[in-house]
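The values are calculated or read from the model by the stated rules, or taken from the named source; none is laboratory data. For clarity, every value in this text was computed on a predicted model and none was experimentally measured. Note that we place each Cβ from the backbone using ideal geometry, even for glycine, and neighbour counts take in every protein chain shown. With ligands, DNA and RNA removed, areas are computed over all heavy atoms of the protein, side chains included. Shrake-Rupley method; radii C 1.70, N 1.55, O 1.52, S 1.80 Å.
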Amino acid sequence: GGRPAHPRWVRVNTLKTTVDEQLETTFRGYEVVPTVQDVMAAPQGAAGNAEKILCLDGNIPNLIAVPLGTEVTKSEAYKSGALILQDKASCFPAYLLDPQPEDGDVADTCAAPGNKTTHLASIMVERCLNPTKAGDKKSRIHAFEKDKNRAKTLERMVKTAGSDRITTIHQGQDFLKVDPRAAAYQRVGALLLDPSCSGSGIVGRDDMPELHLPELPSSATNNHKKKDTKKDSKKRKRSETSEESKPLPVIVDDDGTTTTLSSEKDLKTRIEALATFQLALLLHAFAFPAARKITYSTCSIYAGENEHVVLRALASKIAKQRGWRILARGRQVGGMREWPVRGDIDACEGDSEVAEGCVRANRDDGKGVMGFF
Ligand code: SAM
């Protein structure tokens, strides 16, 4: 029992700074320890009093773990967009999408608040996919966000992170309504799909201002939705984390409200509604004429939103027509080769190729990550 250990993950935004520069400034005087387990073992202390240690992540480049209680948000680097709070697992999709020159433009289909958009931007600029010299072919990111308010947040984050020159934001644009044959998207070779989900993998903490929270589209269970008082939500978070592995019928929304489902049946209905949308998104992405690679991710722990969606997508007519197949990219891309957790073989109905092609993160396995697919 007890709350699973978690560090604070900090992504160094290479559009604005470097790891070395951050070690000399924001993290000056910090002891560099070898593993995230060392970071998690450190006494946390009150806010601002955490031990000054950090580790450089071995799987994701430019990612640092510090003990919870380290005050990152007060630093100049955070305020200027040089540091971004982003869970390690939430860094997997952009890194695994691995944009290359031959991929042309990249689409981030469900983009707000922009953690992954800005991560993609930093990778693409590092790789000189958007050179400043006039006349060069420049790869761009098309970032779609259906919700107008969240699109504003996305716009702010993209600007603060210095990603704006490479990113076109399509505010209020439902990706499902985008015409794949439109002239503007003929060069889209890679797509990142990070749709709304149940959020069941999120590590619920008041002191983690991580922006990666899912949104719940209206539907089935709206009638059960109510605003939590701060006290209620604290109480729930505590009881949630004390039952670590048992999936609870509680869904966390963007703005911190929670949807309490009154039964397992409600949960099932909810997951099915989400999965229908998630599958539609994947099938729509398959239709982009120049598309050669797609990552699909959620911060859900449920197979219904994860492996099952992938299986259904691969079995679809359009997947067969266009030759979409699953690849074990986790075995091929840089530091991800060292990450051991794959898709659930039972959830993949025994299909080991699909299980190998999926990457999971579990929040209770001592690696300090959130639940993620
Ligand atoms: N990728 C984001 C990040 O890393 O910061 C988090 C994305 S969040 C899980 C899902 C987002 O998709 C929400 O902001 C939601 O409003 C948006 N969304 C939901 N349905 C959409 C659709 N059909 N088209 C475009 N955006 C959509």
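Values for this structure:
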quantity	calculated
Failed item in (1) more than 16 Å from the ligand (Cβ to nearest atom); (2) surrounded by 19 or more Cβ atoms within 10 Å (Cβ to Cβ); (3) at pLDDT 95 or above, with Ala319 passing the rest	(2)
Number of positions in the stretch 106-145 that are closer than 21 Å to Ala285 by Cβ, over 19 Å from the mean Cα position of the chain (by Cα) and open to solvent by less than 20 Å² (accessible area, probe 1.4 Å)	2
The lone exception for Leu85 - which of (1) out of contact with any Pro (no Cβ under 7 Å at 6 or more places or on another chain); (2) within 16 Å of the ligand (Cβ to nearest atom); (3) under 24 Å from Trp339 (Cα atoms); (4) open to solvent by 10 Å² or more (accessible area, probe 1.4 Å) it fails	(1)
Residue in the stretch 262-274 that is open to solvent by 30 Å² or more (accessible area, probe 1.4 Å), at pLDDT 95 or above and not in a helix (DSSP H, G or I) present	no
Residue check, Lys148 within 12 Å of the ligand (Cβ to nearest atom) and open to solvent by 50 Å² or more (accessible area, probe 1.4 Å)	yes
Within the stretch 151-171, tally of residues that are more than 24 Å from Phe286 (Cβ to Cβ) and either in a loop (DSSP other than H, G, I, E, B) or within 14 Å of the ligand (Cβ to nearest atom) (or both)	13
Positions within the stretch 337-349 being open to solvent by 20 Å² or more (accessible area, probe 1.4 Å), in contact (Cβ under 8 Å) with a residue 24 or more places away in the chain and under 20 Å from the mean Cα position of the chain (by Cα), in sequence order	Glu338, Val341, Asp344
Some residue of the stretch 89-105 being surrounded by 23 or more Cβ atoms within 10 Å (Cβ to Cβ), more than 30 Å from Lys177 (Cα to Cα) and not basic (Lys, Arg)	no
Count of the stretch 328-373 residues which are assigned to a helix (DSSP H, G or I) and farther than 20 Å from Ile64 by Cβ	10
Any hit, the stretch 324-336, residues being open to solvent by 70 Å² or more (accessible area, probe 1.4 Å), of a type outside the set (A, V, I, L, M, F, W, C), within 26 Å of Phe286 (Cα to Cα) and without any contact (Cβ under 8 Å) to a residue 24 or more places away in the chain	yes
